[in-house]
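Structure first, commentary second.
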Amino acid sequence: MTMLDWLNDEQRALRDMAATFARKEVEPLANQIDMDERTPDALVAKTAELGFYGLYTPEQYGGSGADIVSVCLVCEEIAKASPAFAGMLTVQIVLCPKTVELLGTDEQKERILPRIASGERLMAYSQSEPAGAANVAAHLTRALPDGNGWRLDGSKLFCTQGSAQTYLVMCKTRTQEGAEGYGCLIVEKGAEGFTVAPYEHKLGWRGTNTGPIAFDNVRIEPDDVLGDILTGGFSHRAANHANLLAHVSTSIGCAQGMFDKTLEYVKERRLYGRDMAELQPVSYWMAEAHARISACRALLYDTARAFDAGTMEPGAGSVCKAFIGDTCFEVCAKLLQLWGGSGIMDSTGVNRYMRDAKAKNIAEGASEMHYAIIANQLFTGVPSLVRPAAVVKEVA
Ligand SMILES: Cc1cc2nc3c(=O)[nH]c(=O)nc-3n(C[C@H](O)[C@H](O)[C@H](O)COP(=O)(O)OP(=O)(O)OC[C@H]3O[C@@H](n4cnc5c(N)ncnc54)[C@H](O)[C@@H]3O)c2cc1C
């Protein structure tokens, strides 16, 4: 069954290259990434050699300037082998560099982007706090004026890629004149007063450390403010939307990877003296899983194509995240059932798909949060959960 027949030759070639890379280089390491809870440096290096880190970064900064459809194709293929590794990639390929590209000065872009595109350095994006990731009005981390710069204090949760060298930190801010807002700051590992907590074990999306980071009187120079000090934390929506689509492509890859392995298993397995596939519910569940994954793929790539064309409907990213995230988790959970006890054993290497699908379902905003955004869009015309005005009010 063909889908995405509108892809151009370049996009097809990139997808094929990613599929080969996933099969040859990622798949053999995927269980180890999950069990050891870390990604081997050699795999990070091989990914860099293929230029994947710079996929979405403009050519002038060392990337290849591909569109988001291409990024989704690559991330989906890699997620079929390791949804965990693919999840880490979206942050490196899309979220961090796109935020710098949208908000940065020429100097900041020159300083940061080529090193990220080449894979020489890893980046992290940190917004979540104990009060709730999206509950920005209640965030406590803040940068207060100190001479011509700022001092950053507070702590963040769930920072993916805690082993990164460069961190983008969203926090409350105040200008020297007393105006208040929500900004985006660049903090380098090793800055005095900046600490990254030790590795925290997690259910899924292993292979990258996701945990708390803290700031104690960390000096922020004016050159390390990304965008406007009062609005930088809000004004890179295009980076968030693009990242949401890339993230969702890894949910689809996750469900497809689980499906492919399950199909192989069901075809081989004999039960009660006959082929397992002859049990009617089993064959129907496989057909249903295939239909649901196909529907998710159609929705994602239609939305990604509109994003690239600049015609994406407001709230469409949330529709993708909520619907596809939920569906792919349900599909993985159902498919795991077909493995019986074998699926529960780590040795078969399939229960990680269900665990990764659940982590993806929560990360980048739980479904309910995205449904709240969609509901706002439907009832007020504004596809937003938190509005800047509300935050400024609470700061004051
Ligand atoms: C593996 C992983 C990696 C992550 N990486 C990062 C990262 O790199 N940087 C970063 O900043 N954050 C990161 N996060 C945090 C992630 O974005 C948040 O966990 C997610 O957005 C949910 O926020 P929360 O945990 O604060 O849950 P809460 O906001 O406390 O929500 C708890 C639950 O309440 C319900 N809920 C929430 N909002 C609503 C609503 N509006 N209406 C109805 N119900 C609602 C949902 O069921 C939700 O699961 C990561 C999380 C995970 C699991």
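State the number of residues belonging to region 335-357 that are assigned to a helix (DSSP H, G or I) and surrounded by 18 or more Cβ atoms within 10 Å (Cβ to Cβ).
Of the residues in region 335-357, 10 are assigned to a helix (DSSP H, G or I) and surrounded by 18 or more Cβ atoms within 10 Å (Cβ to Cβ).
Is there any pair with a first residue in region 216-242 that is open to solvent by less than 60 Å² (accessible area, probe 1.4 Å) and a second that is part of a helix (DSSP H, G or I) and of a type in the set (Gly, Ala, Ser) whose Cβ atoms are under 8 Å apart and which are 6 or more apart or on different chains, and what are they?
Here the result reads ASN240/GLY317, each pair linking region 216-242 to a residue that is part of a helix (DSSP H, G or I) and of a type in the set (Gly, Ala, Ser).
Output yes when any residue across region 185-207 is surrounded by fewer than 22 Cβ atoms within 10 Å (Cβ to Cβ), touching a helix residue (DSSP H, G or I) at 6+ places or on another chain (Cβ under 9 Å), among the acidic types (Asp, Glu) and under 18 Å from ARG121 (Cβ atoms), and no when none is.
Checked region 185-207: at least one residue is surrounded by fewer than 22 Cβ atoms within 10 Å (Cβ to Cβ), touching a helix residue (DSSP H, G or I) at 6+ places or on another chain (Cβ under 9 Å), among the acidic types (Asp, Glu) and under 18 Å from ARG121 (Cβ atoms).
Which of the residues belonging to region 291-301 are crowded, with 16+ Cβ neighbours inside 10 Å and not aromatic (Phe, Trp, Tyr)?
Scanning region 291-301 gives ARG292, ILE293, CYS296, ARG297, LEU299, LEU300.
Helices (runs of 4 or more DSSP H) wholly in region 80-169 with at least 1 residues that are within 12 Å of the ligand (Cβ to nearest atom) - which ones?
83-90, 96-103
Look through region 340-367, keep the residues that are within 16 Å of the ligand (Cβ to nearest atom) and charged (D, E, K, R), and return whichever of them is farthest from ASP36 (Cα to Cα).
Filtering region 340-367 for residues that are within 16 Å of the ligand (Cβ to nearest atom) and charged (D, E, K, R), the one farthest from ASP36 (Cα to Cα) comes out as GLU364.
Sort out which residues of region 246-275 are open to solvent by less than 80 Å² (accessible area, probe 1.4 Å), over 30 Å from THR303 (Cα atoms) and without any contact (Cβ under 8 Å) to a residue 24 or more places away in the chain, and write them in order of number.
Selection gives LEU271, GLY273, ASP275.
So, ALA179, is that one surrounded by fewer than 20 Cβ atoms within 10 Å (Cβ to Cβ) and either hydroxyl-bearing (Ser, Thr, Tyr) or more than 23 Å from VAL44 (Cβ to Cβ) (or both) or not?
When the stated conditions are applied, ALA179 passes them.
The values are calculated or read from the model by the stated rules, or taken from the named source; none is laboratory data. Model, not experiment: these values are computed from the prediction. Note that we place each Cβ from the backbone using ideal geometry, even for glycine, and neighbour counts take in every protein chain shown. Heavy atoms of the whole protein, side chains included, go into the accessibility calculation; ligands, DNA and RNA do not. Shrake-Rupley method; radii C 1.70, N 1.55, O 1.52, S 1.80 Å.
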